[in-house]
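Asks: My structure is below; once you've seen it, I'll send some questions.
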Amino acid sequence: MFEALSDKACCGCQACVDICPKKCLKFEIDEEGFGYPKVVDETKCIQCDLCNKTCPVKKSKENPQIFREAYYGFSMDEDDILKSSSGGLFAVIAKEYQKIGYYICGATYTNDFKVQHQFVAPDENVEKLFSSKYAQSDVANTFTETKQLLKQHKKVLYSGLPCQIAALKSFLQFTYDGLITIDLLCYGVQSPKVWDYYLNSYHKGKHPTTISMRSKHFGWKKYAMEIEFSDGKKYLKAKDNDPYLRCYSKGLFVRPCCYNCHFKGFPRISDLTLGDFWEVNELYPNVQSDRGVSIIIPNSKCGEDILKTIEKSVWYSEIDMNRLNEMNIQYLKPCKENPNRSAFFNGVSRQESFDVLAKKYAKISRSKQLIYGIKKCLYRNGMWEVIKPFWNLCKNVVSPKSKHR
């Protein structure tokens, strides 16, 4: 019989629901918008215990939280970088492996802009899987689809969060030569309900055609929410001025299990780990990073082979591991719960406006507002690109260490 985890432990991977041969379980969405498995018909249960055996949280063990080998780099293709969140490494990998027949699976938007995992065939456009989506992705039926493809001797590259990759590996039960897995350095899983509320209230009555939660219009580190609508209008606000990204950056709508994440450390279960290398200029001050830089961590022989496969399409260099391990990297640790989290969700339930929620629970200091105003003025007058090098120089002198994200 299924032994349910607490809400503070379940990562919502859906592996237990998908593997049940009698469909005794279903995935139910709670008041915060997160899904949890529930028993719907005990009489059908055949006591196979696959639901419990497949759960990645019940299997997980403490991993040492250190890097053993890592690189930093970016795509040589400007278009890849602009369409990606960081250095465009996933874009290069996905396109290269499509050429040799791989089916690529990752997070994308549905027609109504919910976040969902989907497959892209070798002859289809893979760009919809590029860039970050800050809401928990519904893996839908992709674990089952992955198994079916692999049994048909087809090749699969599956990308997702560490908990999703752990769940996929557990669901498959066997090791398949045709499977490559890539996971991401994860801050925490965000509520799909809050994302829907932002779109349907803050942008009420408008119909998006494209969305980028990580537009580089203002640069990599000053990313923005950029939305194009069916009427031809565009919404563009930097992360400190868009209420969704402001509240996201404060950790106001993170899934409860993320405060005790079992999948943050190393070694990883995936073949390769990718993420934003926010700390690049702390280690390498001369690297031009405004377009985006990725951190690249091979976790297996397969991961090392991926780097060799793409080496003609990317620039990358090995990281000084001693310095990196001394840096107290935040994405090696579970995130901390924001004390205003419950109040924020109560505000969503009361349908308070997103602007009000951001002002209450994601305040920006007056000094930061002033700095943003000055930069905005310089940008509008065409002076930002001239002033920018001196601005960055002064910033590094005043605050030599950037904040970890």
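The values are calculated or read from the model by the stated rules, or taken from the named source; none is laboratory data. These figures come from a predicted structure and were not determined experimentally. Methodologically, a virtual Cβ is constructed for each residue, glycine included, from the backbone with ideal geometry; neighbour enumeration extends over all protein chains shown. In case anyone asks, the SASA skips ligands and DNA or RNA and just uses the protein heavy atoms, side chains included. Shrake-Rupley method; radii C 1.70, N 1.55, O 1.52, S 1.80 Å.
Asks: Count, please, the residues in region 17-55 that happen to be in contact with a Cys (Cβ under 6 Å, 6 or more places away or on another chain) and within 22 Å of V254 (Cα to Cα).
Replies: Looking only at that region, the number is 3.
Asks: If I filter region 85-95 for residues that are farther than 17 Å from L274 by Cβ, part of a loop (DSSP other than H, G, I, E, B) and open to solvent by less than 30 Å² (accessible area, probe 1.4 Å), do I get at least one hit?
Replies: So the first thing to find is which residues in region 85-95 are farther than 17 Å from L274 by Cβ, and the list is none.
No: region 85-95 contains no residue that is farther than 17 Å from L274 by Cβ, part of a loop (DSSP other than H, G, I, E, B) and open to solvent by less than 30 Å² (accessible area, probe 1.4 Å).
Asks: With A224, A167 as the choices, which residue is among the small types (G, A, S), open to solvent by less than 20 Å² (accessible area, probe 1.4 Å) and in contact with a Pro (Cβ under 9 Å, 6 or more places away or on another chain)? Full working, then the answer.
Replies: Details: A224 fails: in contact with a Pro (Cβ under 9 Å, 6 or more places away or on another chain).
Checking each option against the conditions leaves just A167.
Asks: Starting from residues that are open to solvent by less than 40 Å² (accessible area, probe 1.4 Å) and not in a strand (DSSP E or B), keep the ones in region 59-76 and report whichever is modelled with the lowest pLDDT.
Replies: It comes out as S60.
Results for (1) over 30 Å from A70 (Cα atoms); (2) without any contact (Cβ under 8 Å) to a residue 24 or more places away in the chain, shown as yes or no for each residue.
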residue	(1), (2)
F143	no, no
Q152	yes, yes
I182	no, no
K206	yes, no
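Asks: Any residue at all in region 42-58 that's closer than 30 Å to P122 by Cα, open to solvent by less than 20 Å² (accessible area, probe 1.4 Å) and either not β-branched (V, I, T) or not in a helix (DSSP H, G or I) (or both)?
Replies: yes
Asks: Please count how many residues of region 184-215 are more than 13 Å from the chain's Cα centre (by Cα) and either among the aliphatic types (A, V, I, L, M) or open to solvent by less than 20 Å² (accessible area, probe 1.4 Å) (or both).
Replies: 7
Asks: Any residue at all in region 274-286 that is under 17 Å from L161 (Cα atoms), assigned to a loop (DSSP other than H, G, I, E, B), open to solvent by less than 10 Å² (accessible area, probe 1.4 Å) and at pLDDT 95 or above? Working first, answer last.
Replies: Of all residues in region 274-286, those under 17 Å from L161 (Cα atoms) come to 274-277.
Cutting the leftovers down to assigned to a loop (DSSP other than H, G, I, E, B) gives us 277.
After this cut, where a residue has to be open to solvent by less than 10 Å² (accessible area, probe 1.4 Å) as well, the list is 277.
Subsequent filtering for residues that are at pLDDT 95 or above retains none.
Within region 274-286 (the criterion being under 17 Å from L161 (Cα atoms), assigned to a loop (DSSP other than H, G, I, E, B), open to solvent by less than 10 Å² (accessible area, probe 1.4 Å) and at pLDDT 95 or above), the answer is no, since none of the residues qualifies.
Asks: Please name all residue pairs, on different chains or six or more residues apart, with Cβ atoms under 6 Å, provided the first residue is in region 330-347 and is aliphatic (A, V, I, L, M) and the second residue is buried (at least 17 other Cβ atoms within 10 Å of the Cβ).
Replies: L332/K264
Asks: Would you confirm whether or not region 12-23 contains a residue that is touching a residue at least 60 places away in the same chain (Cβ under 8 Å), hydrophobic (A, V, I, L, M, F, W, C) and in a loop (DSSP other than H, G, I, E, B)?
Replies: The answer is yes, given that some residue of region 12-23 is touching a residue at least 60 places away in the same chain (Cβ under 8 Å), hydrophobic (A, V, I, L, M, F, W, C) and in a loop (DSSP other than H, G, I, E, B).
Asks: Additional query: Please go through region 24-34 and give me each residue that is part of a loop (DSSP other than H, G, I, E, B) and either over 24 Å from the mean Cα position of the chain (by Cα) or crowded, with 17+ Cβ neighbours inside 10 Å (or both), ordered by number. Steps first, answer last, please.
Replies: Taking region 24-34 first, the residues part of a loop (DSSP other than H, G, I, E, B) are 24, 30-34.
C24, E32, G33, F34, listed by residue number.
Asks: Mind telling me which of the residues K308, K312 ends up being open to solvent by 20 Å² or more (accessible area, probe 1.4 Å), without any contact (Cβ under 8 Å) to a residue 12 or more places away in the chain, closer than 29 Å to K95 by Cβ and outside any loop (DSSP other than H, G, I, E, B)?
Replies: Values: K312 fails: outside any loop (DSSP other than H, G, I, E, B).
Result of the check over K308, K312: K308.
Asks: Taking region 292-305, which residues are closer than 15 Å to G275 by Cβ and either open to solvent by 10 Å² or more (accessible area, probe 1.4 Å) or not in a helix (DSSP H, G or I) (or both)? Spell out how you get there, then give the answer.
Replies: As a first pass, look at region 292-305 and keep what is closer than 15 Å to G275 by Cβ: 292-299, 303.
Within region 292-305, G292, V293, S294, I295, I296, I297, P298, N299 qualify.
Asks: Read through the list (1) without any contact (Cβ under 8 Å) to a residue 40 or more places away in the chain; (2) surrounded by fewer than 20 Cβ atoms within 10 Å (Cβ to Cβ); (3) touching a Phe, Trp or Tyr at 6+ places or on another chain (Cβ under 9 Å), then give the number of the only condition that K114 fails.
Replies: (1)
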